[in-house]
Amino acid sequence: MNAELIEKSQKFGERVIRFCKDIKIDPITQTLVTEIVQSSTTIGALLVKVDGNVDSKTVITRLKSCKSYCLETKHWLRMIAEADSNTKEIGREL
């Protein structure tokens, strides 16, 4: 796996974590924060697991999962922007 891609995905997860620290926590945003941290950090974790894996079927499966988690993260960003209007601009930058 491309080391640059792994690094970018890990940095993205770190940015999402920093972003979440600024969200006003209430019963709604608590759930959204949990979901987005899980989905955004799983992207990098799956890419690390793919790195060095020679089984092409496993690689393809994990890359498909990465795409799914990317779409899920995008969804959670949108929901957080709705729940906490102060996050809209920062969420778009992610």
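Laboratory data are not the source of any read-out in this text; all were calculated from the coordinates shown. Predicted model only: the values in this text are computed from it and were never measured. Because the Cβ atoms are built from the backbone with ideal geometry, glycine has one as well, and the counts that use them run over all protein chains shown.
A few points about this structure:
- Distance between the modelled labels on Arg78 and Lys57, one decimal in nanometres: 3.4 nm (7 Å Cα→Cβ projection).
- Between Leu94 and any residue 5 or more places off or on another chain, the built amide H atoms are never under 5 Å apart.
- Dipole magnitude for segment 32-72: about 160 debye, using +1 per Lys or Arg Cβ and -1 per Asp or Glu Cβ, origin at the Cα centre.
- The local environment of Phe12, defined by Cβ-Cβ distances under 13 Å, has a net charge of +1 under the rule Lys, Arg +1 and Asp, Glu -1.
- Proximal charge balance of Ile28 [Cβ under 14 Å; K/R count +1, D/E count -1]: -2
- Non-local lysine pairs in segment 3-93, meaning eight or more places apart or on different chains, with alpha-carbon distances under 18 Å, amount to 17.
- A simple packing score, the average count of other Cβ atoms within 10 Å per residue, orders the peptides 58-65, 43-50 as 43-50, 58-65, with the highest score first.
- For segment 3-93, a crude dipole built from +1 on the beta carbon of Lys and Arg and -1 on the beta carbon of Asp and Glu, taken about the Cα centre, is about 220 debye to the nearest 20.
- The value of relative contact order for the chain, using C-alpha pairs under 8 Å at least six residues apart, is 35 percent.
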